[in-house]
1. Taking the residues in the range A:71-93 that are open to solvent by 20 Å² or more (accessible area, probe 1.4 Å) and part of a loop (DSSP other than H, G, I, E, B) as candidates, determine which candidate is modelled with the highest pLDDT.
2. In the set B:Val205, B:Val232, B:Val223, B:Val218, which member is over 30 Å from A:Asp112 (Cα atoms), under 30 Å from the mean Cα position of the chain (by Cα) and buried (at least 16 other Cβ atoms within 10 Å of the Cβ)?
3. Determine which single condition A:Leu333 fails, assuming it passes every other condition in (1) crowded, with 19+ Cβ neighbours inside 10 Å; (2) under 19 Å from A:Leu388 (Cα atoms); (3) within 12 Å of chain B (Cβ to nearest Cβ).
4. Would you say B:Phe341 is within 21 Å of B:Arg3 (Cβ to Cβ), open to solvent by 70 Å² or more (accessible area, probe 1.4 Å), in a helix (DSSP H, G or I) and touching a residue at least 40 places away in the same chain (Cβ under 8 Å)?
5. For the range A:137-157, name all the residues that are touching a Ser or Thr at 6+ places or on another chain (Cβ under 9 Å) and either surrounded by fewer than 18 Cβ atoms within 10 Å (Cβ to Cβ) or free of Cβ contacts under 8 Å to residues at least 40 places away in the same chain (or both).
6. So which of B:Ile133, B:Ile156, B:Ile195, B:Ile199 is closer than 28 Å to B:Ile222 by Cα and touching a Lys or Arg at 6+ places or on another chain (Cβ under 7 Å)?
7. Scan B:Val223, B:Val212 and give me the residue that is at pLDDT 85 or above, in the same structural domain as B:Ser120 (by TED's automatic domain parsing) and closer than 24 Å to B:Ser116 by Cα.
Amino acid sequence: MIRADLIKYSLNSLRARKRRSFLTILSVFIGIAAITTLISFGQGISAYVEQISQEMGNDKLMVQARGFGFGPPSLDSNVRMDETDLDTIRSVKGVSEATGMYGITGEVQFNDQKKYGYLFGSDYKNYRKLLEEVFALDLDQGTPLRGNEKSKVLLGYNYQLPEKIFEKPIQLRDKILINNHTFEVAGFYAAVGNPQDDSNIYITKDAMESSFAPENYLWMLVRAAPGVNPTELAEDVKDELRDHRHQDVGEEDFYVQSFEQVIATFKSILSIITGVVILIAFISVFVAAVNITNTMYTATLERTKEIGVFKAIGAKNSAILFVFILEAGVLSLIGGIIGVILGYLLSSVAGTAIAASGFGVFTPLFTWQLVVGSLVFAFLIGALSGLLPAYQASKLKPVDALRYE
Amino acid sequence: MMRDYLQLAYGSLKNRKVRSWLTMVGIFIGIAAVISLIGLGQGLRVAVMGQFNFLTTDVLTIQASGLQNGPPGEGVVNPLLDSYVDDISRIPGVDRAIGRLIESTQIGYHGFQDFSYASSVPDGKDRKEIERIANIELAHGRLLKDGDMNKVVLGIDYLDPETLGKPVQIRDSVTVHGKSFEVIGILAKKGSFIIDNAIQMNEAVMRELFNVNDTYDVIVAIVPNPADMARVKVRVEDYLRKERDVEKGEEDFSVESPEQALANLDSTLFAIQIFVYVIAGISIIVGGIGIANTMYTSVVERTKQIGIMKAIGAQRKMIFTLFLLESGFLGFVGGIVGILFGAGIAYGLAFLGSTFLGSDLIQVSLNWFIVLGALLFSFVIGTVAGFLPAVQASRLVPVEALRYVK
């Protein structure tokens, strides 16, 4: 017998048991659809992180005061960082530039509505490139800040959308009240992809100092000189700053982190979370595999006599093995194909819905690797589940099989 | 009669041992996954909520709005003024109003540093009230009293060498925000970081240390009669709107009862839990499809048998019941094994978590309601999956069924 015959036979027997094949396929594609959907979101988020880290560049460090708050920026810190700390950082060998950033809570009033966002004051005159890189900011519309403006403001993306932050969208050159000071909207930054960052408010250092007199820097941003390892530089900066602030090792009231480290930490947390979720979804594929085994086991039992006839007219064990494994694999592959299509539809719909609610971060990414991988995976799962029943079938003695009732 | 059914159902399942086992395995895996996740998820929720629910229920908590990223009062634009306290305490239904300060700070002890927050304790009669509301009890030493300068009471975490290098002793001195303080008391363990990690000092001392003049981070209003709570809340909101000159719907403050504050946190945790359950639940559905498949096969295989039963007088209802029982049985037994396994996994993980990670957050919370629910659910899944095959079996025409050849 040639292989084409075997394949045709396999497909025919699947067709002969339509309902059973259908149910088995159904159980496979549910699991595959769930997994591809989840993976596509996981991939989308890592791609986003990758893109952000590209835009930030890996030559940056961040110095921040310690506090009891849950996660940065720690507005609650009572640790003071000022110009002398900044000068200390600038004097560290390997630092190419460094700037301080003020950050306070901003209460924005527009059309009698009040909303809250982080209000940042930065040195736009000298360090605009550094801070726009760090925050992955690109101007969406309007004019950039030059550094001297005392009453101009750049807003996060979401302020120009209706019903997002304010009912009415804010437009260029609109006047808004920030902590009871009037500012004119000079422009909007493009979307970063999460509601918090897209509600940020940016003004110049001068404007911050003259209007709100902040007590200390929220962050200090540092760029490493070309060729300097930022993670090693972070240690040097930490040492110098510790000396400057007269603290002992372990007593520091500040953090120094390179973006490399931050991104690496974030990535590992991300992969743990997606890993766990995918693992849970994988359980359903495992159950589907059990179903396939069951179906194939039934199939071999039903066709015992048939197998006997095959063997009697000269079929080898390997041919029988091939037929049943192929059947299991094909069942699962069809399930995989439907599952991938369904997963694609599901993640597109869910992705659109989530993006509409402001979390552009959660954009699914469907790569050809994912598609091919899912299909191969589905086929392998099926073939593997069919292995035991197929092996049993191939080992049947022709005489016994023929006699089977 | 029922006994005959059960015997028949059991007998035919036993005849196809491998298939029955595989079908049950399908269900049991799903149930085990869901049960273990529910157990751990509920446990996490209990642990997290336990961090906050030591508060008594007869208080309204008033805070100014802003970006909430840390302890109360941080990231606020218009803080609460201390003049509010007297006004609020005069609002009908309010027995007393007390303001508190909360500041993030560094605490040092023999060269070791930790970050926590300091909170103020008011003078006079209010002191007793705060101790009652926050459920403050003493483990060692004494509590603060009026006129205590340069003295602090610490939470029990500072007895743990992990926090500051070695246990802090009564009468030792610690530095808080750069100033030296004598430790006069240690609070009893409450299992909540708010109490266990606390640094308490008198209000006047705290105002001077952190240079806070006429504001508060939180004001609590004590409402002795729970029935008044809703009405008093409206009155307090009206007062604050007038005082802070804001329109309805644009409040820059919040007035919450403890239940409300907890409900907000709880709903977030619950949403995450549901997401995980749904994903795990998919496997139960897949298991159910397995049951349906097995039952269809079973109907086809036993066509002749059904024909004979019908020929000797079995009614449709009987055939239907027989097959439905079979599938229900598959689901039920799969469910029992699944629950046992799932509970085992959950308790095993919790044990590993507490032994090797020392984390209280990994704990199990399973109750009879969940267990019975899961059991019922697996039985229902079994019967639902078996419904169509059972209908098909019951509708077979005896003559044709008898004639059927495999």
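The values are calculated or read from the model by the stated rules, or taken from the named source; none is laboratory data. Every value quoted in this text rests on a predicted model; they were computed, and no experiment measured them. All Cβ positions, glycine included, derive from the backbone under ideal geometry; neighbour counts span all protein chains shown. What goes into the accessible areas is simple: the full protein's heavy atoms, side chains included, and nothing from ligands, DNA or RNA. Shrake-Rupley method; radii C 1.70, N 1.55, O 1.52, S 1.80 Å.
1. Among residues in the range A:71-93 that are open to solvent by 20 Å² or more (accessible area, probe 1.4 Å) and part of a loop (DSSP other than H, G, I, E, B), the one modelled with the highest pLDDT is A:Lys93.
2. On the way: B:Val205 fails: under 30 Å from the mean Cα position of the chain (by Cα); B:Val232 fails: over 30 Å from A:Asp112 (Cα atoms); B:Val218 fails: over 30 Å from A:Asp112 (Cα atoms).
Only one candidate qualifies: B:Val223.
3. Just one mismatch for A:Leu333, condition (3).
4. Numbers: within 21 Å of B:Arg3 (Cβ to Cβ): no; open to solvent by 70 Å² or more (accessible area, probe 1.4 Å): yes; in a helix (DSSP H, G or I): yes; touching a residue at least 40 places away in the same chain (Cβ under 8 Å): yes.
No.
5. Within the range A:137-157, A:Arg146, A:Gly147, A:Asn148, A:Lys150, A:Ser151 qualify.
6. B:Ile156
7. On the way: B:Val223 fails: closer than 24 Å to B:Ser116 by Cα.
On inspection, the qualifying residue turns out to be B:Val212.
Results for (1) within 12 Å of chain A (Cβ to nearest Cβ); (2) surrounded by 12 or more Cβ atoms within 10 Å (Cβ to Cβ); (3) not in a loop (DSSP other than H, G, I, E, B), shown as yes or no for each residue.
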{"residue": "B:Val236", "(1), (2), (3)": "no, yes, yes"}
{"residue": "B:Tyr239", "(1), (2), (3)": "no, yes, yes"}
{"residue": "B:Glu247", "(1), (2), (3)": "yes, no, no"}
{"residue": "B:Ile285", "(1), (2), (3)": "yes, yes, yes"}
